[in-house]
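Scroll down for the structure; my scribbles are underneath it.
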Amino acid sequence: MDTIRLEMAMGRNIPDAGTVSDQMFDHFTREFIAPVLEFCTIIDGVGFWKGEQEMTKILYMDIPQSDVEMMTAKFEQIANCYKTAFRQEAVLISAVRSVIEFV
């Protein structure tokens, strides 16, 4: 099945204030992600922002093309909350074509 994978990369460095802890991210997930998304996958990653390495949370979901506009708006809502909560300059949202198969 052809789908679109929406991804959001959320850096965990907080400017001049340490990092987003697992506990802080769990609270953010309960407060701002779970009420907005019925499903998603969140994995840990390593990213770079302006030449600095940082731990990253990557949220993604595969959706039908018909849902991209609606779900992108939800991702933007979550990204803006993350930026405010953890003083982030930016949160990356990307969309890529994917093919999924449930086996």
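The values are calculated or read from the model by the stated rules, or taken from the named source; none is laboratory data. Everything numeric here is computed off the predicted structure, so don't read it as measured data. Because the Cβ atoms are built from the backbone with ideal geometry, glycine has one as well, and the counts that use them run over all protein chains shown.
Structure data summary
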item: Residue check for Ala9: within 11 Å of the chain's Cα centre (by Cα) and assigned to a helix (DSSP H, G or I); result: no
item: Checklist (1) of a type in the set (Phe, Trp, Tyr); (2) surrounded by fewer than 16 Cβ atoms within 10 Å (Cβ to Cβ); (3) outside any strand (DSSP E or B) applied to Tyr82, failing item; result: (2)
item: Residue check for Ala73: aliphatic (A, V, I, L, M), at pLDDT below 95 and surrounded by fewer than 17 Cβ atoms within 10 Å (Cβ to Cβ); result: no
item: Matching residues in region 3-26 - criterion: being exposed (fewer than 10 other Cβ atoms within 10 Å of the Cβ) and charged (D, E, K, R); result: Asp16
item: Some residue of region 46-56 being farther than 22 Å from Thr3 by Cα, loosely packed, with under 15 Cβ neighbours inside 10 Å, touching a strand residue (DSSP E or B) at 6+ places or on another chain (Cβ under 8 Å) and of a type in the set (Phe, Trp, Tyr); result: yes
item: Phe32 being in contact with a Cys (Cβ under 8 Å, 6 or more places away or on another chain) and assigned to a helix (DSSP H, G or I); result: yes
item: Complete set of residues in region 91-103 that are modelled with pLDDT of 95 or more and surrounded by fewer than 15 Cβ atoms within 10 Å (Cβ to Cβ); result: Leu92, Ser94
item: Number of the condition not met by Ser94 [criteria: (1) outside any strand (DSSP E or B); (2) touching a residue at least 60 places away in the same chain (Cβ under 8 Å); (3) over 18 Å from Arg30 (Cβ atoms)]; result: (1)
item: Residue tally, condition out of contact with any helix residue (DSSP H, G or I) (no Cβ under 9 Å at 6 or more places or on another chain), of a type in the set (D, E, K, R) and assigned to a loop (DSSP other than H, G, I, E, B), over region 12-29; result: 1
